[in-house]
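The values are calculated or read from the model by the stated rules, or taken from the named source; none is laboratory data. From a predicted model like this one, the values you see are computed outputs, not experimental measurements. No Cβ is skipped: glycine too gets one built from the backbone with ideal geometry, and neighbour counts run over all protein chains shown. Just the protein is used for accessible areas: all its heavy atoms, side chains included, with ligands, DNA and RNA removed. Shrake-Rupley method; radii C 1.70, N 1.55, O 1.52, S 1.80 Å.
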Amino acid sequence: MTRLRVVLNNWHYWAIAFIVFNVILSAWWLIHGDIRYDVDISRDFLLIEEMAYIKPFTLVGSHTSIGGVFHGPLWYYLNLPAFFISKGDPLLIGWFWWGLSILTLIIFYFVAKKIFNKPTAILASLLYSSNSIINPTYGLKMFFPPYGAVLLAPVFFYLFIKYVSEKKPKYLVLALLALGFIIQFEMAFGVPILVLATAFLVYFMYKNKLMKHALFFLSLFLPLATFIIFDLRHNFLQTFSLIKYLELQLQKADFDLILVSSEKIKGIFSDTFFLLTQDNRVLSWVYSVLFIVLIFKAKMKSKTKKIYLIFIYFYFGYWLIHLSLKPLWSSYYWPLLPLIIMLYAGLINYLPKKVFFLLYIPLLAWNMYIGISYIQDSKINIAERGKNSWAFNKYIADNIYKDATEDFGYFIFTPERWVYQNWYTLKFVQREYPDRISHPFNKQKLTYLIIVDPPWDRPDTDSMGWRITDLKITSEPIQITNFDIVQIQKYLLTEEEIKSPTNPYLLNSTFFR
(Lines give C-alpha, C1' and ligand atoms only; values in the text may rest on other atoms or scores of the structure.)
Protein backbone atom coordinates (compact mmCIF):
# COMPACT_ATOMS: atom_id res chain seq x y z
CA MET A 1 0.00 0.00 0.00
CA THR A 2 2.86 2.36 0.82
CA ARG A 3 4.39 1.90 -2.63
CA LEU A 4 1.00 2.45 -4.24
CA ARG A 5 0.58 5.70 -2.31
CA VAL A 6 4.02 6.84 -3.45
CA VAL A 7 3.09 6.11 -7.07
CA LEU A 8 -0.24 7.93 -6.75
CA ASN A 9 1.35 10.91 -5.00
CA ASN A 10 3.88 11.19 -7.82
CA TRP A 11 1.46 10.50 -10.67
CA HIS A 12 2.48 13.66 -12.53
CA TYR A 13 6.02 12.32 -13.00
CA TRP A 14 4.58 9.15 -14.52
CA ALA A 15 2.29 11.26 -16.73
CA ILE A 16 5.22 13.36 -17.97
CA ALA A 17 7.19 10.18 -18.68
CA PHE A 18 4.30 8.84 -20.78
CA ILE A 19 4.04 12.18 -22.62
CA VAL A 20 7.74 11.92 -23.54
CA PHE A 21 7.18 8.30 -24.59
CA ASN A 22 4.29 9.34 -26.84
CA VAL A 23 6.31 12.16 -28.38
CA ILE A 24 9.15 9.72 -29.18
CA LEU A 25 6.66 7.26 -30.66
CA SER A 26 5.33 10.03 -32.90
CA ALA A 27 8.80 10.19 -34.51
CA TRP A 28 8.77 6.47 -35.34
CA TRP A 29 8.47 6.85 -39.10
CA LEU A 30 11.02 9.66 -39.23
CA ILE A 31 13.51 7.47 -37.43
CA HIS A 32 12.80 4.80 -40.05
CA GLY A 33 13.17 7.19 -42.98
CA ASP A 34 9.56 7.92 -43.88
CA ILE A 35 6.79 10.49 -43.55
CA ARG A 36 3.20 10.70 -44.70
CA TYR A 37 3.41 12.05 -48.23
CA ASP A 38 0.03 12.48 -49.85
CA VAL A 39 -1.22 14.72 -52.66
CA ASP A 40 -1.67 17.78 -50.43
CA ILE A 41 1.79 17.51 -48.91
CA SER A 42 3.55 16.95 -52.25
CA ARG A 43 1.62 19.90 -53.74
CA ASP A 44 2.80 22.02 -50.81
CA PHE A 45 6.40 20.99 -51.46
CA LEU A 46 6.09 22.06 -55.10
CA LEU A 47 4.60 25.42 -54.14
CA ILE A 48 7.19 26.06 -51.42
CA GLU A 49 9.91 25.12 -53.91
CA GLU A 50 8.61 27.83 -56.25
CA MET A 51 8.76 30.31 -53.38
CA ALA A 52 12.28 29.24 -52.38
CA TYR A 53 13.85 29.44 -55.82
CA ILE A 54 11.55 31.24 -58.29
CA LYS A 55 8.79 33.45 -56.79
CA PRO A 56 9.54 34.36 -53.16
CA PHE A 57 6.30 36.28 -52.66
CA THR A 58 2.85 34.79 -52.98
CA LEU A 59 -0.55 36.00 -51.82
CA VAL A 60 -2.48 32.73 -51.82
CA GLY A 61 -1.98 29.21 -50.60
CA SER A 62 -3.71 26.01 -51.65
CA HIS A 63 -7.20 25.84 -53.13
CA THR A 64 -10.27 25.30 -51.00
CA SER A 65 -13.32 23.21 -51.87
CA ILE A 66 -14.86 26.38 -53.36
CA GLY A 67 -13.62 27.14 -56.86
CA GLY A 68 -11.73 30.43 -57.03
CA VAL A 69 -11.21 30.63 -53.24
CA PHE A 70 -7.81 29.91 -51.70
CA HIS A 71 -6.32 29.55 -48.27
CA GLY A 72 -3.73 32.09 -47.21
CA PRO A 73 0.00 31.48 -47.81
CA LEU A 74 1.03 31.55 -44.13
CA TRP A 75 1.61 27.78 -43.96
CA TYR A 76 4.09 28.05 -46.82
CA TYR A 77 5.94 30.94 -45.20
CA LEU A 78 6.06 28.96 -41.94
CA ASN A 79 7.65 26.00 -43.76
CA LEU A 80 9.87 28.05 -46.09
CA PRO A 81 12.92 28.35 -43.78
CA ALA A 82 12.90 24.60 -43.08
CA PHE A 83 12.48 23.86 -46.79
CA PHE A 84 15.33 26.20 -47.73
CA ILE A 85 17.72 24.89 -45.05
CA SER A 86 16.94 21.24 -45.87
CA LYS A 87 17.05 21.90 -49.63
CA GLY A 88 13.59 20.44 -49.91
CA ASP A 89 14.38 17.11 -48.26
CA PRO A 90 11.01 15.75 -47.05
CA LEU A 91 12.62 13.79 -44.22
CA LEU A 92 14.40 16.83 -42.80
CA ILE A 93 11.21 18.85 -43.16
CA GLY A 94 9.51 15.97 -41.33
CA TRP A 95 11.81 16.62 -38.37
CA PHE A 96 10.75 20.25 -38.49
CA TRP A 97 7.12 19.08 -38.36
CA TRP A 98 7.96 16.87 -35.41
CA GLY A 99 9.39 19.92 -33.66
CA LEU A 100 6.24 21.83 -34.59
CA SER A 101 4.13 19.10 -32.99
CA ILE A 102 6.16 19.47 -29.79
CA LEU A 103 5.65 23.24 -29.89
CA THR A 104 1.92 22.63 -30.33
CA LEU A 105 1.91 20.36 -27.27
CA ILE A 106 3.79 22.97 -25.23
CA ILE A 107 1.37 25.73 -26.24
CA PHE A 108 -1.51 23.39 -25.48
CA TYR A 109 -0.08 22.68 -22.00
CA PHE A 110 0.34 26.33 -21.09
CA VAL A 111 -3.13 27.27 -22.32
CA ALA A 112 -4.68 24.42 -20.31
CA LYS A 113 -2.67 25.50 -17.28
CA LYS A 114 -3.86 29.11 -17.66
CA ILE A 115 -7.50 28.12 -18.01
CA PHE A 116 -7.48 25.43 -15.30
CA ASN A 117 -4.39 24.41 -13.34
CA LYS A 118 -1.17 22.40 -13.64
CA PRO A 119 -2.61 18.92 -12.90
CA THR A 120 -5.36 19.47 -15.48
CA ALA A 121 -2.78 20.66 -18.01
CA ILE A 122 -0.68 17.52 -17.47
CA LEU A 123 -3.68 15.21 -17.89
CA ALA A 124 -4.84 17.10 -20.99
CA SER A 125 -1.34 17.00 -22.51
CA LEU A 126 -1.06 13.28 -21.82
CA LEU A 127 -4.30 12.56 -23.65
CA TYR A 128 -3.39 14.93 -26.49
CA SER A 129 0.06 13.35 -26.90
CA SER A 130 -1.45 9.86 -27.02
CA ASN A 131 -3.96 11.02 -29.64
CA SER A 132 -1.05 12.45 -31.65
CA ILE A 133 1.19 9.38 -31.76
CA ILE A 134 0.26 8.81 -35.39
CA ASN A 135 0.07 12.51 -36.20
CA PRO A 136 3.41 14.22 -36.85
CA THR A 137 4.95 11.86 -39.39
CA TYR A 138 2.50 9.30 -40.63
CA GLY A 139 -0.96 9.84 -39.22
CA LEU A 140 -4.27 10.55 -40.86
CA LYS A 141 -4.08 13.89 -39.07
CA MET A 142 -1.18 15.20 -41.10
CA PHE A 143 1.01 18.24 -41.69
CA PHE A 144 -0.61 20.50 -44.22
CA PRO A 145 -2.19 24.00 -43.90
CA PRO A 146 -4.99 23.09 -41.42
CA TYR A 147 -2.40 22.05 -38.85
CA GLY A 148 -1.62 25.73 -38.29
CA ALA A 149 -5.25 26.22 -37.23
CA VAL A 150 -4.92 23.26 -34.82
CA LEU A 151 -1.88 24.92 -33.25
CA LEU A 152 -3.61 28.30 -32.83
CA ALA A 153 -7.13 27.22 -31.84
CA PRO A 154 -6.33 26.88 -28.09
CA VAL A 155 -4.55 30.26 -28.19
CA PHE A 156 -7.56 31.98 -29.75
CA PHE A 157 -9.96 30.33 -27.31
CA TYR A 158 -7.90 31.38 -24.28
CA LEU A 159 -7.55 34.98 -25.47
CA PHE A 160 -11.25 35.15 -26.32
CA ILE A 161 -12.43 34.04 -22.88
CA LYS A 162 -9.77 36.27 -21.33
CA TYR A 163 -11.29 39.29 -23.08
CA VAL A 164 -14.83 38.30 -22.13
CA SER A 165 -13.85 37.91 -18.47
CA GLU A 166 -11.58 40.96 -18.14
CA LYS A 167 -12.82 43.25 -20.95
CA LYS A 168 -9.27 44.38 -21.75
CA PRO A 169 -8.75 45.46 -25.37
CA LYS A 170 -5.31 43.84 -25.61
CA TYR A 171 -6.89 40.39 -25.31
CA LEU A 172 -9.45 41.26 -27.98
CA VAL A 173 -6.74 42.38 -30.39
CA LEU A 174 -4.62 39.29 -29.75
CA ALA A 175 -7.66 37.00 -30.11
CA LEU A 176 -8.60 38.59 -33.44
CA LEU A 177 -5.02 38.33 -34.68
CA ALA A 178 -4.92 34.65 -33.74
CA LEU A 179 -8.25 34.08 -35.49
CA GLY A 180 -7.04 35.91 -38.59
CA PHE A 181 -4.02 33.62 -38.76
CA ILE A 182 -6.31 30.61 -38.27
CA ILE A 183 -8.24 31.76 -41.36
CA GLN A 184 -4.93 31.80 -43.23
CA PHE A 185 -4.50 28.13 -42.39
CA GLU A 186 -8.07 26.78 -42.71
CA MET A 187 -10.86 28.98 -43.99
CA ALA A 188 -13.57 26.35 -43.50
CA PHE A 189 -12.88 26.53 -39.77
CA GLY A 190 -11.72 30.10 -39.29
CA VAL A 191 -14.44 31.92 -41.22
CA PRO A 192 -17.39 30.30 -39.37
CA ILE A 193 -15.63 30.96 -36.06
CA LEU A 194 -15.12 34.60 -37.10
CA VAL A 195 -18.85 34.93 -37.88
CA LEU A 196 -19.74 33.42 -34.50
CA ALA A 197 -17.15 35.49 -32.62
CA THR A 198 -18.36 38.69 -34.29
CA ALA A 199 -22.00 38.02 -33.39
CA PHE A 200 -21.04 37.20 -29.81
CA LEU A 201 -18.76 40.22 -29.41
CA VAL A 202 -21.20 42.72 -30.89
CA TYR A 203 -23.83 41.61 -28.36
CA PHE A 204 -21.23 41.52 -25.57
CA MET A 205 -19.93 45.02 -26.36
CA TYR A 206 -23.42 46.45 -26.63
CA LYS A 207 -24.51 44.88 -23.35
CA ASN A 208 -21.41 46.10 -21.51
CA LYS A 209 -21.30 49.52 -23.21
CA LEU A 210 -17.98 48.76 -24.89
CA MET A 211 -18.94 49.51 -28.49
CA LYS A 212 -15.80 51.57 -28.95
CA HIS A 213 -13.91 48.25 -28.75
CA ALA A 214 -15.43 47.38 -32.12
CA LEU A 215 -12.70 49.53 -33.68
CA PHE A 216 -10.20 46.84 -32.72
CA PHE A 217 -11.72 44.59 -35.39
CA LEU A 218 -9.49 46.60 -37.74
CA SER A 219 -6.61 44.47 -36.42
CA LEU A 220 -7.93 41.68 -38.64
CA PHE A 221 -6.56 43.56 -41.65
CA LEU A 222 -3.04 42.45 -40.69
CA PRO A 223 -3.51 38.65 -40.91
CA LEU A 224 -6.06 39.00 -43.73
CA ALA A 225 -3.97 41.43 -45.79
CA THR A 226 -2.93 38.75 -48.31
CA PHE A 227 -6.58 38.01 -49.15
CA ILE A 228 -7.38 41.71 -49.54
CA ILE A 229 -4.36 42.48 -51.73
CA PHE A 230 -4.97 39.40 -53.88
CA ASP A 231 -8.58 40.36 -54.49
CA LEU A 232 -7.65 43.97 -55.31
CA ARG A 233 -5.12 42.72 -57.85
CA HIS A 234 -7.45 40.10 -59.37
CA ASN A 235 -10.77 41.93 -59.68
CA PHE A 236 -12.16 40.48 -56.44
CA LEU A 237 -11.91 36.90 -57.73
CA GLN A 238 -12.26 35.28 -54.30
CA THR A 239 -15.08 37.58 -53.18
CA PHE A 240 -17.17 36.96 -56.29
CA SER A 241 -16.38 33.23 -56.23
CA LEU A 242 -17.61 33.01 -52.65
CA ILE A 243 -20.76 35.01 -53.42
CA LYS A 244 -21.50 32.82 -56.43
CA TYR A 245 -21.00 29.70 -54.33
CA LEU A 246 -23.39 30.93 -51.64
CA GLU A 247 -25.99 31.84 -54.27
CA LEU A 248 -25.81 28.35 -55.74
CA GLN A 249 -26.19 26.85 -52.29
CA LEU A 250 -29.33 28.92 -51.67
CA GLN A 251 -30.80 28.04 -55.09
CA LYS A 252 -30.44 24.29 -54.67
CA ALA A 253 -33.78 22.71 -55.44
CA ASP A 254 -32.82 19.35 -53.94
CA PHE A 255 -31.90 20.73 -50.53
CA ASP A 256 -33.25 18.27 -47.98
CA LEU A 257 -33.35 19.95 -44.57
CA ILE A 258 -34.10 16.72 -42.71
CA LEU A 259 -31.27 14.83 -44.40
CA VAL A 260 -28.76 17.65 -43.94
CA SER A 261 -29.82 18.20 -40.33
CA SER A 262 -29.34 14.52 -39.55
CA GLU A 263 -25.88 14.72 -41.13
CA LYS A 264 -24.97 17.66 -38.93
CA ILE A 265 -26.31 15.96 -35.80
CA LYS A 266 -24.04 13.07 -36.66
CA GLY A 267 -21.24 15.59 -37.08
CA ILE A 268 -21.89 17.15 -33.68
CA PHE A 269 -22.05 13.90 -31.75
CA SER A 270 -19.86 11.67 -33.88
CA ASP A 271 -17.56 13.21 -36.48
CA THR A 272 -15.66 15.67 -34.29
CA PHE A 273 -15.28 13.18 -31.46
CA PHE A 274 -14.30 10.62 -34.12
CA LEU A 275 -10.88 12.31 -34.02
CA LEU A 276 -10.73 11.97 -30.24
CA THR A 277 -11.62 8.27 -30.27
CA GLN A 278 -9.32 7.38 -33.20
CA ASP A 279 -12.11 6.56 -35.64
CA ASN A 280 -14.23 4.48 -33.29
CA ARG A 281 -17.81 5.49 -34.06
CA VAL A 282 -19.39 3.89 -30.97
CA LEU A 283 -16.93 5.55 -28.59
CA SER A 284 -17.36 8.90 -30.33
CA TRP A 285 -21.11 8.84 -29.68
CA VAL A 286 -20.61 7.78 -26.05
CA TYR A 287 -17.97 10.41 -25.26
CA SER A 288 -19.70 13.24 -27.12
CA VAL A 289 -23.02 12.69 -25.33
CA LEU A 290 -21.27 12.36 -21.97
CA PHE A 291 -19.29 15.52 -22.67
CA ILE A 292 -22.41 17.60 -23.32
CA VAL A 293 -24.34 16.10 -20.39
CA LEU A 294 -21.49 16.54 -17.91
CA ILE A 295 -20.97 20.16 -18.87
CA PHE A 296 -24.50 20.96 -17.77
CA LYS A 297 -24.61 18.54 -14.82
CA ALA A 298 -21.21 19.16 -13.22
CA LYS A 299 -21.11 21.66 -10.39
CA MET A 300 -18.88 24.53 -11.50
CA LYS A 301 -18.31 28.13 -10.55
CA SER A 302 -20.09 30.54 -12.85
CA LYS A 303 -16.75 31.73 -14.27
CA THR A 304 -15.80 28.20 -15.28
CA LYS A 305 -19.29 27.38 -16.53
CA LYS A 306 -19.00 30.40 -18.83
CA ILE A 307 -15.86 28.92 -20.40
CA TYR A 308 -17.68 25.69 -21.21
CA LEU A 309 -20.76 27.52 -22.47
CA ILE A 310 -18.66 29.68 -24.78
CA PHE A 311 -17.18 26.51 -26.23
CA ILE A 312 -20.66 25.02 -26.65
CA TYR A 313 -21.68 28.22 -28.47
CA PHE A 314 -18.78 27.94 -30.91
CA TYR A 315 -19.16 24.17 -31.26
CA PHE A 316 -22.87 24.05 -32.10
CA GLY A 317 -22.69 27.34 -33.98
CA TYR A 318 -19.94 25.95 -36.20
CA TRP A 319 -22.05 22.99 -37.27
CA LEU A 320 -25.12 25.20 -37.72
CA ILE A 321 -23.25 27.48 -40.11
CA HIS A 322 -22.16 24.44 -42.09
CA LEU A 323 -25.75 23.23 -42.26
CA SER A 324 -26.08 23.68 -46.03
CA LEU A 325 -22.81 21.92 -46.87
CA LYS A 326 -22.28 18.30 -47.70
CA PRO A 327 -20.46 16.15 -45.12
CA LEU A 328 -17.28 17.99 -44.18
CA TRP A 329 -13.66 16.93 -44.50
CA SER A 330 -12.22 16.17 -41.08
CA SER A 331 -9.58 18.88 -41.54
CA TYR A 332 -12.40 21.46 -41.40
CA TYR A 333 -13.17 20.71 -37.76
CA TRP A 334 -9.81 19.26 -36.68
CA PRO A 335 -8.94 22.49 -34.75
CA LEU A 336 -11.81 21.70 -32.37
CA LEU A 337 -9.98 18.57 -31.18
CA PRO A 338 -7.46 20.22 -28.79
CA LEU A 339 -10.26 22.27 -27.23
CA ILE A 340 -12.36 19.16 -26.62
CA ILE A 341 -9.41 17.34 -25.05
CA MET A 342 -8.58 20.31 -22.84
CA LEU A 343 -12.15 20.80 -21.63
CA TYR A 344 -12.65 17.07 -21.11
CA ALA A 345 -9.56 16.98 -18.89
CA GLY A 346 -10.86 20.05 -17.09
CA LEU A 347 -13.81 18.03 -15.80
CA ILE A 348 -11.50 16.46 -13.21
CA ASN A 349 -12.02 19.61 -11.18
CA TYR A 350 -15.80 19.26 -11.09
CA LEU A 351 -16.51 15.52 -11.00
CA PRO A 352 -15.82 12.86 -8.39
CA LYS A 353 -12.32 11.57 -9.14
CA LYS A 354 -13.52 7.99 -9.59
CA VAL A 355 -16.10 9.09 -12.17
CA PHE A 356 -13.57 11.21 -14.04
CA PHE A 357 -10.90 8.51 -14.25
CA LEU A 358 -13.52 5.96 -15.24
CA LEU A 359 -13.96 8.08 -18.38
CA TYR A 360 -10.37 9.27 -18.80
CA ILE A 361 -8.29 6.11 -18.43
CA PRO A 362 -10.13 3.99 -21.06
CA LEU A 363 -9.91 6.90 -23.53
CA LEU A 364 -6.21 7.34 -22.84
CA ALA A 365 -5.54 3.61 -23.12
CA TRP A 366 -7.52 3.38 -26.37
CA ASN A 367 -5.58 6.24 -27.98
CA MET A 368 -2.24 4.74 -27.00
CA TYR A 369 -3.33 1.29 -28.18
CA ILE A 370 -4.39 2.64 -31.58
CA GLY A 371 -1.18 4.63 -31.96
CA ILE A 372 1.04 1.66 -31.17
CA SER A 373 -1.10 -0.70 -33.27
CA TYR A 374 -0.83 1.68 -36.23
CA ILE A 375 2.94 1.48 -35.99
CA GLN A 376 2.88 -2.32 -35.68
CA ASP A 377 0.50 -2.78 -38.60
CA SER A 378 2.40 -0.51 -40.98
CA LYS A 379 6.06 -1.31 -40.36
CA ILE A 380 6.19 -4.44 -42.53
CA ASN A 381 7.66 -2.76 -45.62
CA ILE A 382 7.32 0.46 -47.57
CA ALA A 383 4.96 -1.07 -50.13
CA GLU A 384 2.48 -1.72 -47.34
CA ARG A 385 2.38 2.02 -46.66
CA GLY A 386 1.51 2.60 -50.29
CA LYS A 387 0.94 5.75 -52.26
CA ASN A 388 1.04 8.10 -49.25
CA SER A 389 4.53 7.04 -48.20
CA TRP A 390 7.57 9.17 -49.02
CA ALA A 391 9.82 6.09 -48.83
CA PHE A 392 7.64 4.23 -51.33
CA ASN A 393 7.54 7.12 -53.80
CA LYS A 394 11.30 7.63 -53.47
CA TYR A 395 11.82 3.92 -54.07
CA ILE A 396 9.90 4.21 -57.35
CA ALA A 397 11.90 7.27 -58.42
CA ASP A 398 15.22 5.60 -57.56
CA ASN A 399 14.31 2.60 -59.70
CA ILE A 400 13.52 4.83 -62.70
CA TYR A 401 16.81 6.74 -62.47
CA LYS A 402 18.81 3.54 -61.97
CA ASP A 403 17.13 1.97 -64.99
CA ALA A 404 17.72 4.97 -67.27
CA THR A 405 20.94 4.85 -69.30
CA GLU A 406 20.58 8.39 -70.65
CA ASP A 407 18.51 11.55 -70.24
CA PHE A 408 14.82 10.75 -70.28
CA GLY A 409 11.36 12.22 -70.29
CA TYR A 410 8.41 11.11 -68.22
CA PHE A 411 4.66 11.50 -67.84
CA ILE A 412 2.47 10.55 -64.91
CA PHE A 413 -0.99 9.00 -65.16
CA THR A 414 -3.08 8.95 -62.01
CA PRO A 415 -6.79 9.25 -62.85
CA GLU A 416 -8.12 9.65 -59.30
CA ARG A 417 -5.54 12.16 -58.02
CA TRP A 418 -3.19 14.97 -58.99
CA VAL A 419 0.29 14.01 -60.19
CA TYR A 420 2.16 15.98 -57.52
CA GLN A 421 3.53 13.04 -55.49
CA ASN A 422 5.60 11.40 -58.20
CA TRP A 423 6.48 14.74 -59.80
CA TYR A 424 8.08 16.23 -56.69
CA THR A 425 9.80 12.94 -55.84
CA LEU A 426 11.40 12.66 -59.27
CA LYS A 427 12.49 16.30 -59.09
CA PHE A 428 14.05 15.80 -55.67
CA VAL A 429 15.76 12.48 -56.46
CA GLN A 430 17.25 14.05 -59.62
CA ARG A 431 20.05 15.57 -57.52
CA GLU A 432 21.31 12.07 -56.67
CA TYR A 433 21.73 11.22 -60.38
CA PRO A 434 23.49 14.18 -62.04
CA ASP A 435 24.66 12.03 -64.96
CA ARG A 436 21.11 11.61 -66.34
CA ILE A 437 18.66 14.48 -66.59
CA SER A 438 14.91 13.92 -66.39
CA HIS A 439 12.44 16.06 -68.37
CA PRO A 440 9.00 16.15 -66.70
CA PHE A 441 6.00 16.06 -69.05
CA ASN A 442 8.30 16.05 -72.04
CA LYS A 443 8.97 13.33 -74.63
CA GLN A 444 12.55 12.18 -75.18
CA LYS A 445 13.93 9.20 -77.02
CA LEU A 446 13.88 7.34 -73.69
CA THR A 447 10.52 8.03 -72.05
CA TYR A 448 8.83 6.56 -68.98
CA LEU A 449 5.12 6.48 -68.30
CA ILE A 450 4.32 6.22 -64.59
CA ILE A 451 0.87 4.70 -64.11
CA VAL A 452 -0.30 5.19 -60.52
CA ASP A 453 -3.21 3.48 -58.82
CA PRO A 454 -5.65 3.24 -61.77
CA PRO A 455 -9.15 2.02 -60.84
CA TRP A 456 -9.15 -1.33 -62.63
CA ASP A 457 -12.95 -1.51 -62.64
CA ARG A 458 -13.26 1.66 -64.76
CA PRO A 459 -12.16 1.19 -68.37
CA ASP A 460 -12.92 4.87 -69.10
CA THR A 461 -9.81 5.78 -67.10
CA ASP A 462 -7.56 3.30 -68.90
CA SER A 463 -4.06 4.71 -69.40
CA MET A 464 -3.96 3.36 -72.96
CA GLY A 465 -6.36 6.04 -74.15
CA TRP A 466 -4.28 8.69 -72.37
CA ARG A 467 -1.09 7.36 -73.93
CA ILE A 468 -2.39 7.20 -77.50
CA THR A 469 -4.74 10.20 -77.54
CA ASP A 470 -3.03 12.69 -75.24
CA LEU A 471 0.64 11.75 -75.53
CA LYS A 472 0.58 10.49 -79.13
CA ILE A 473 2.66 7.44 -78.22
CA THR A 474 1.48 4.53 -80.33
CA SER A 475 4.37 2.09 -79.93
CA GLU A 476 4.41 -0.64 -77.32
CA PRO A 477 6.61 -0.40 -74.22
CA ILE A 478 9.92 -2.22 -74.32
CA GLN A 479 9.66 -2.95 -70.61
CA ILE A 480 6.91 -2.97 -67.96
CA THR A 481 7.74 -3.03 -64.26
CA ASN A 482 5.14 -3.25 -61.50
CA PHE A 483 5.64 -1.89 -57.99
CA ASP A 484 2.51 -2.64 -56.02
CA ILE A 485 0.10 0.19 -57.04
CA VAL A 486 2.51 1.67 -59.59
CA GLN A 487 3.35 0.46 -63.09
CA ILE A 488 6.38 1.84 -64.95
CA GLN A 489 6.25 1.58 -68.75
CA LYS A 490 9.52 2.18 -70.58
CA TYR A 491 9.53 3.40 -74.21
CA LEU A 492 12.08 4.09 -76.92
CA LEU A 493 10.20 6.61 -79.03
CA THR A 494 10.51 7.20 -82.75
CA GLU A 495 11.27 10.67 -84.12
CA GLU A 496 7.68 10.90 -85.31
CA GLU A 497 6.34 10.16 -81.83
CA ILE A 498 8.70 12.69 -80.24
CA LYS A 499 7.61 15.43 -82.65
CA SER A 500 3.89 14.71 -82.28
CA PRO A 501 2.55 17.36 -79.85
CA THR A 502 0.98 16.23 -76.59
CA ASN A 503 -2.34 17.48 -75.27
CA PRO A 504 -1.56 21.05 -74.07
CA TYR A 505 -4.15 20.76 -71.30
CA LEU A 506 -2.40 17.97 -69.41
CA LEU A 507 -1.57 18.92 -65.83
CA ASN A 508 2.09 19.93 -65.81
CA SER A 509 2.17 22.78 -63.29
CA THR A 510 0.84 23.83 -59.88
CA PHE A 511 -1.67 26.19 -61.49
CA PHE A 512 -4.58 24.49 -59.71
CA ARG A 513 -2.68 24.59 -56.38
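Within the stretch 185-208, the set of residues being in contact (Cβ under 8 Å) with a residue 60 or more places away in the chain and of a type outside the set (Gly, Ala, Ser) comprises Phe185, Glu186, Met187, Phe189, Pro192, Ile193, Val195, Leu196, Phe200.
In the stretch 425-439 there is no residue that is assigned to a loop (DSSP other than H, G, I, E, B) and crowded, with 21+ Cβ neighbours inside 10 Å.
Can you tell me which residue among Ile35, Ile16, Ile41 is open to solvent by 60 Å² or more (accessible area, probe 1.4 Å) and at pLDDT below 95? Talk me through it step by step, then tell me what you get.
Working: Ile35 fails: open to solvent by 60 Å² or more (accessible area, probe 1.4 Å); Ile41 fails: open to solvent by 60 Å² or more (accessible area, probe 1.4 Å).
Checking each option against the conditions leaves just Ile16.
If you go through the stretch 169-184 one residue at a time, do you hit one that is touching a helix residue (DSSP H, G or I) at 6+ places or on another chain (Cβ under 9 Å), under 30 Å from Thr425 (Cβ atoms) and in a helix (DSSP H, G or I)? So that I can check it myself, show each step before the final result.
Keep residues of the stretch 169-184 that are touching a helix residue (DSSP H, G or I) at 6+ places or on another chain (Cβ under 9 Å), which gives 169-184.
Pick out the ones that are also under 30 Å from Thr425 (Cβ atoms) and you get 184.
Then drop every residue that is not in a helix (DSSP H, G or I), which leaves 184.
Yes: the stretch 169-184 contains one or more residues that are touching a helix residue (DSSP H, G or I) at 6+ places or on another chain (Cβ under 9 Å), under 30 Å from Thr425 (Cβ atoms) and in a helix (DSSP H, G or I).
Scanning the stretch 293-312 for residues that are of a type outside the set (Phe, Trp, Tyr) and open to solvent by less than 30 Å² (accessible area, probe 1.4 Å) yields Leu294, Ile295, Ala298, Thr304, Ile307, Ile310, Ile312. Can you tell me which of (1) part of a helix (DSSP H, G or I); (2) open to solvent by 20 Å² or more (accessible area, probe 1.4 Å); (3) at pLDDT below 90; (4) more than 26 Å from Tyr369 (Cβ to Cβ) is the one Phe274 doesn't meet? Phe274 satisfies all of (1) part of a helix (DSSP H, G or I); (2) open to solvent by 20 Å² or more (accessible area, probe 1.4 Å); (3) at pLDDT below 90; (4) more than 26 Å from Tyr369 (Cβ to Cβ) except (4). Can you find a residue in the stretch 221-232 that is modelled with pLDDT of 90 or more, open to solvent by less than 50 Å² (accessible area, probe 1.4 Å) and not in a helix (DSSP H, G or I)? The answer is yes, given that some residue of the stretch 221-232 is modelled with pLDDT of 90 or more, open to solvent by less than 50 Å² (accessible area, probe 1.4 Å) and not in a helix (DSSP H, G or I).
Of all the residues in the stretch 277-288, those that are surrounded by 14 or more Cβ atoms within 10 Å (Cβ to Cβ) and not in a loop (DSSP other than H, G, I, E, B) number 6.
With the requirement that a residue be open to solvent by 20 Å² or more (accessible area, probe 1.4 Å) and within 18 Å of Pro338 (Cα to Cα), what does the stretch 313-324 give you?
Tyr313, Phe316
Test Phe83 against the criterion of being under 22 Å from Trp423 (Cα atoms), open to solvent by less than 40 Å² (accessible area, probe 1.4 Å), modelled with pLDDT of 90 or more and in a helix (DSSP H, G or I), and give yes or no. The answer is yes for Phe83.
Residues that are among the β-branched types (Val, Ile, Thr) and over 14 Å from Lys445 (Cα atoms) were ranked within the stretch 462-473; the one that is least open to solvent (accessible area, probe 1.4 Å) is Ile468. Tyr109 meets the conditions (1) touching a residue at least 60 places away in the same chain (Cβ under 8 Å); (2) under 25 Å from Asn349 (Cα atoms); (3) not β-branched (Val, Ile, Thr) in every case but one. The failed one is (1). The set of residues in the stretch 19-28 that are in contact with a Phe, Trp or Tyr (Cβ under 8 Å, 6 or more places away or on another chain) and either open to solvent by 10 Å² or more (accessible area, probe 1.4 Å) or at pLDDT below 85 (or both) contains only Trp28.
Let's see how each residue does on (1) touching a Lys or Arg at 6+ places or on another chain (Cβ under 6 Å); (2) of a type in the set (Phe, Trp, Tyr); (3) free of Cβ contacts under 8 Å to residues at least 40 places away in the same chain; (4) under 20 Å from Ile66 (Cβ atoms):
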{"residue": "Leu210", "(1), (2), (3), (4)": "no, no, no, no"}
{"residue": "Ile229", "(1), (2), (3), (4)": "no, no, no, yes"}
{"residue": "Thr239", "(1), (2), (3), (4)": "no, no, yes, yes"}
{"residue": "Leu246", "(1), (2), (3), (4)": "no, no, yes, yes"}
{"residue": "Gly267", "(1), (2), (3), (4)": "no, no, no, yes"}
{"residue": "Thr272", "(1), (2), (3), (4)": "no, no, no, no"}
{"residue": "Ser288", "(1), (2), (3), (4)": "no, no, yes, no"}
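The criterion of at least 2 residues that are under 26 Å from the mean Cα position of the chain (by Cα) and within 23 Å of Leu246 (Cβ to Cβ) is met, among helices (runs of 4 or more DSSP H) falling completely within the stretch 292-368, by 302-321, 330-333. Within the stretch 256-271, restricting attention to residues that are open to solvent by 40 Å² or more (accessible area, probe 1.4 Å) and part of a helix (DSSP H, G or I), the residue that is nearest to Phe356 (Cα to Cα) is Phe269.
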